[in-house]
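To start, the structure itself, in structure tokens.
The values are calculated or read from the model by the stated rules, or taken from the named source; none is laboratory data. In this text, all values refer to a predicted model and were calculated from it rather than measured experimentally. Using ideal geometry, Cβ is built from the backbone for each residue, glycine included, and neighbour counts are taken over all protein chains shown.
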Amino acid sequence: LFAGPCDFVKGVVALGGLPPADRPEVCFAGRSNVGKSSLINALTGRKGLARASNTPGRTQELNFFDLGGRLWMVDLPGYGFAEAPKAKVAAWQALLKDYLAGRPTLRRAFVLVDGRHGLKPPDLEIMALLDGAAVAYQVVLTKADKPRGGAIVATAEGVRAGLAKRPAAHPHIHLTSSETGHGLPELRAEIAALAG
Ligand code: GTP
Ligand code: MG
């Protein structure tokens, strides 16, 4: 799947603008700055495909990427703190929630969590929403190149304990680094399997 073409198709700012729900879809959710856009670039091997930046709130639309006509991959705006006007942030957070709870072809939501920080209240809020909508989701710990001295193992343990209490959570946690490529082949394989 990832050896073939991958194209940016559209940025969606309202539910009415969603592309047809005509194929399996996966999305990348997570707090602002956790590394959603960077992960999409790393997975596809295309540096500038999704726009990444050190400024929280970089991604402000639901960005749809077409993988060979077989799968939609969706880069979502972050939740939590964002450097953008309040009204704008409120609008995209509302859209994000409507999308996550109401997209019939959404096969899996990858919930990205910073490998240095673990689960935060906004992550739990999103997981509760996904549980309520019976959307399967899976945690991806990002920036695995950053924590020192086994800190990421402790983070993973904390996340595992948090997930054990949730109905729709996939128990396996991916450790990734978009810098070193750690964990990317496994994640690509997982996504390819969802494309059917
Ligand atoms: P928003 O669109 O604002 O919600 O952020 P995002 O989750 O898309 O994060 P983005 O991919 O823009 O990355 C945020 C910052 O983290 C950038 O400065 C990236 O270079 C950095 N970053 C992302 N992934 C990694 C990683 O695996 N390792 C390291 N060291 N830095 C990373
Ligand atoms: Mg982004």
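Any residue at all in the range 50-63 that's within 15 Å of ligand 1 (Cβ to nearest atom), part of a strand (DSSP E or B) and of a type in the set (A, V, I, L, M)?
yes
If GLY48 satisfies all but one of (1) among the small types (Gly, Ala, Ser); (2) more than 9 Å from ligand 2 (Cβ to nearest atom); (3) touching a residue at least 24 places away in the same chain (Cβ under 8 Å), what's the number of the condition it fails?
Checking GLY48 against (1) among the small types (Gly, Ala, Ser); (2) more than 9 Å from ligand 2 (Cβ to nearest atom); (3) touching a residue at least 24 places away in the same chain (Cβ under 8 Å), the one that fails is (3).
Evaluate the range 156-169: report whether one residue or more is more than 30 Å from GLY17 (Cα to Cα) and among the acidic types (Asp, Glu).
Yes; the residues of the range 156-169 include at least one that is more than 30 Å from GLY17 (Cα to Cα) and among the acidic types (Asp, Glu).
Conditions: (1) more than 15 Å from ligand 1 (Cβ to nearest atom); (2) of a type outside the set (Gly, Ala, Ser); (3) more than 21 Å from VAL140 (Cβ to Cβ). LEU71 meets all but one. Number of the miss?
Failing condition for LEU71: (3).
What is the number of the single condition among (1) within 13 Å of ligand 2 (Cβ to nearest atom); (2) part of a loop (DSSP other than H, G, I, E, B); (3) farther than 23 Å from LEU130 by Cα; (4) at pLDDT 95 or above that ALA42 does not meet?
Against the list (1) within 13 Å of ligand 2 (Cβ to nearest atom); (2) part of a loop (DSSP other than H, G, I, E, B); (3) farther than 23 Å from LEU130 by Cα; (4) at pLDDT 95 or above, ALA42 comes up short only on (2).
Starting from the range 22-34, keep only residues that are more than 16 Å from ligand 1 (Cβ to nearest atom), then list their pairs with residues that are outside any strand (DSSP E or B) and among the charged types (D, E, K, R) whose Cβ atoms are within a distance under 9 Å, requiring at least 6 positions of separation or different chains.
ARG23/ARG70; PRO24/ARG70; GLU25/ARG103
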